[in-house]
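Below you'll find the structure, written out as structure tokens, and then a few comments.
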Amino acid sequence: MIVITNEEFRQLSEYIRQHYGIHLKEEKRALVMGRLQQVLVSKRFSNFKEYYQYVVSDRSGEAVMTLVDKITTNHTFFMREFDHFEFLRDRVLPYLETVVKDRDLRIWSAGCSSGEEPYTLAMLLDEYFGAGKPLWDAKVLATDISAEILTKAQRGEFGADDLSALPPSWRMKYFNARDREHFTVSDKLKREVIFRKFNLMEPTFPFRRKFHVIFCRNVMIYFDTPTKEALVDKFYKHLEPGGYLFIGHSESLQRETTPFKYIRPAIYRKD
């Protein structure tokens, strides 16, 4: 095994923090070393210093995307933190239905991973609006920094166990069975989710219109405090007044400093 030295780990982790906001603590050293071994071996690098030079000098962007894919953990599942979806259905959507006069409803799943969250949001929207859904422009924007995980999300292929948390009616309505164990998201539902590669560390966001709802759950646990606060400020600027921010239950915002109003655990609102 190629061992990463203190200086090499510091150099690599600082590069990742500066460009992607991910704060790799010392206890992640073994994880980084293990996940990158195959890359170093395949490229015939003898140490992590050579690998780092390769990453920063590669103008194609392929090297850094491989690095991001290797070090990010994309663990999610359908209906994760279900109370958020209940709150969206019972409180947020009835409110937005009355105030969004042009019926252009903008929802962003930031850090969408393999697609379970945005697909759940799309199913929930379809169920809520029912026959009136064609009257609304309510597609879900789903972004992630990992090109590899976005490709997986766009395929929309899931196992039977993955779908076990969904209501049987949703499984029947929104998925096509390839066999008893393998399912694919229906084309109709796929059209309701727009997947894009996007780095939340971009200094300015390119969106022309503000969102009504932002889901960014279990993403900021990888960021240090200054990075997290800067991102939250950008979310605030890109939300409509009265819009909602959903974060992970293991995350929180500093109530003394955040511009957001606390609603309930992991749910905040822009006044």
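Taking the condition in contact with a Leu (Cβ under 9 Å, 6 or more places away or on another chain), part of a loop (DSSP other than H, G, I, E, B), free of Cβ contacts under 8 Å to residues at least 60 places away in the same chain and among the aliphatic types (A, V, I, L, M), does residue 245 pass?
Here the answer is no, as residue 245 does not meet what is asked.
Do you know which of the residues in the range 6-40 that are over 27 Å from the mean Cα position of the chain (by Cα) and surrounded by 12 or more Cβ atoms within 10 Å (Cβ to Cβ) is farthest from residue 228 (Cα to Cα)? Let's see the steps before the verdict.
Of all residues in the range 6-40, those over 27 Å from the mean Cα position of the chain (by Cα) come to 6-8, 40.
Then drop every residue that is not surrounded by 12 or more Cβ atoms within 10 Å (Cβ to Cβ), which leaves 8, 40.
Working: 8: 25, 40: 31 Å.
Looking at residues that are over 27 Å from the mean Cα position of the chain (by Cα) and surrounded by 12 or more Cβ atoms within 10 Å (Cβ to Cβ), I get 40.
List, please: which pairs have Cβ atoms under 6 Å, are six or more places apart or on different chains, and start with a residue in the range 123-151 that is over 15 Å from residue 192 (Cα atoms) and in contact (Cβ under 8 Å) with a residue 24 or more places away in the chain and end with one that is among the hydrophobic types (A, V, I, L, M, F, W, C) and not in a helix (DSSP H, G or I)?
Listed pairs, sorted by first residue: 144/112; 150/195.
Among the residues of the range 115-123, is there at least one that is of a type in the set (Gly, Ala, Ser) and surrounded by fewer than 21 Cβ atoms within 10 Å (Cβ to Cβ)? Outline the logic, then answer.
The first filter runs over the range 115-123 and keeps only residues of a type in the set (Gly, Ala, Ser), leaving 115, 122.
The next check asks that each one be surrounded by fewer than 21 Cβ atoms within 10 Å (Cβ to Cβ); those that pass are none.
Scanning the range 115-123, I find no residue that is of a type in the set (Gly, Ala, Ser) and surrounded by fewer than 21 Cβ atoms within 10 Å (Cβ to Cβ), so the answer is no.
Does residue 249 satisfy the condition of being assigned by TED's automatic domain parsing to the domain that holds residue 92 and either under 16 Å from the mean Cα position of the chain (by Cα) or of a type in the set (Gly, Ala, Ser) (or both)?
When the stated conditions are applied, residue 249 passes them.
What strands (runs of 3 or more DSSP E) lie completely within the range 85-168 and have 3 or more residues being more than 22 Å from residue 243 (Cβ to Cβ)?
The strands (runs of 3 or more DSSP E) meeting that bar are 157-159.
Do we find that residue 111 is out of contact with any Leu (no Cβ under 8 Å at 6 or more places or on another chain), of a type in the set (Gly, Ala, Ser) and either over 21 Å from residue 161 (Cβ atoms) or surrounded by 12 or more Cβ atoms within 10 Å (Cβ to Cβ) (or both) in this structure?
The answer is no for residue 111.
The values are calculated or read from the model by the stated rules, or taken from the named source; none is laboratory data. Being a predicted model, the structure only gives us computed values, none of them experimental. We place every Cβ from the backbone using ideal geometry, glycine too, and count neighbours over all the protein chains shown.
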